[in-house]
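Derivation of every value follows stated rules applied to the coordinates shown; laboratory data play no part. What you are looking at is a predicted structure, and each value in this text was computed from that prediction instead of being measured. Methodologically, a virtual Cβ is constructed for each residue, glycine included, from the backbone with ideal geometry; neighbour enumeration extends over all protein chains shown.
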Amino acid sequence: MIDRRGVTADIRKRYNVVLRPEWLDRCADHIKAELERQNVSATHTLHLEAQTRLVIEQLLHSDISESCFPTLITDGNSNQVSKLPDGSGVLLQIQEIMDVGVSKHAMWEAIREKEDFEQRGIRPSYLPVLEDEDNNGVFAANTQSTAAQPPATEASEAQGERKPKIPHSMLKLVLSDGCSRIHAIEQTPIPQLSVELPVGTKVVVRSGKFLQPTNILCLDAQNIQVLGGTPAQYQQFTLRSRLEGALRVERTAAAAR
């Protein structure tokens, strides 16, 4: 049902990666089982483009070290990646992402305020007070009251409600081809990128300049595309859990001093 050679060639053309045959075999078996569950005959022939889309969907949710052969070329002396492969771009996986322009403590407070807003409707203090329509135009006295502020709805957003957002200053990333790693940083804020992106998210990096002597890759909105994906083995590494770990390390180091 899956043309392995054709799909491998198509994905290599799109993303400059070669699929591991053993992973593709498992992927093809999974797709076959899913199609049969949907009553699609095993003899039904899908167009190559449709086959590729199905495989890419599984690829995004895989660990890149299991699904793809390494693509990055390291320097023989430093064992660092100093240039990207030739072509239209290369598929990589986000292994780490954090905002180095925002303190961890400020980020932690922003997460807590966002969770409070989403779960209990408590408005963060930094958002402007909204007009209370149930009080004849009088502004609500207590913007942090759960009773006065019900959970946000589509209607409240249409009336001007603004949800709290996690700050975005300057993201630093670690990108991997499953073997080698690249440290990268935003030159300017990239709308597609967010510190809340799951670890394991797939991106296509088309170009970029490596800063010396740090060998950090500079990214902008033109040279990176976020494809998505959340491998099961990384789902526990949420922004909250990553910050908790980082703050725990800081507290331990401070206590040791």
Among the listed pairs Lys104/Lys172; Lys114/Lys202; Lys13/Lys209; Lys172/Lys209, give every one whose C-alpha distance is greater than 19 Å.
-> Lys114/Lys202; Lys13/Lys209
Provide the FRET efficiency to the nearest 0.05 for the Cys179-Leu211 pair, computing r from the beta carbons and using R0 = 22 Å.
-> 0.45
Backbone N within the range 213-244 under 13 Å of label point (7 Å from Asp75 Cα along the Cβ vector) | 213-217
Subtracting the Cα-Cα distance of Asp29 and Arg248 from 0.36 nm times their residue separation yields 74.6 nm
Spacing of the two label points (7 Å from each Cα toward its C-beta) at Ala221 and Gln187, in nm | 1.4
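Within a Cβ distance under 13 Å of Gln93, other residues only, what is the Lys/Arg minus Asp/Glu net charge?
Working: positive: Arg181, Lys202; negative: Asp63, Glu66, Glu96, Asp177.
Result for the local shell: -2.
What net charge do the residues around Cys68 carry, taking every other residue with its C-beta under 9 Å from that of Cys68, with Lys and Arg at +1 and Asp and Glu at -1?
Numbers: positive: Arg20; negative: Glu66, Asp177.
That works out to -1.
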So how far apart, in nm, are the two label points at Val40 and Glu115 if each is 7 Å from Cα heading toward Cβ?
-> 3.9
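Between Gln233 and Glu22, take the C-beta separation as r, use R0 = 22 Å, and let me know the FRET efficiency to the nearest 0.05.
0.80
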Please sort 83-93, 229-239 by packing, taking for each peptide the average over its residues of neighbouring beta carbons within 10 angstrom, highest first.
-> 83-93, 229-239
Around Gly229 (Cβ within 11 Å, Cβ-to-Cβ, excluding Gly229; K/R +1, D/E -1) the net charge comes to -1
For Val100 and Lys83, extending 7 Å from Cα along the Cα-Cβ vector and measuring point to point gives, in nm, a value of 2.5
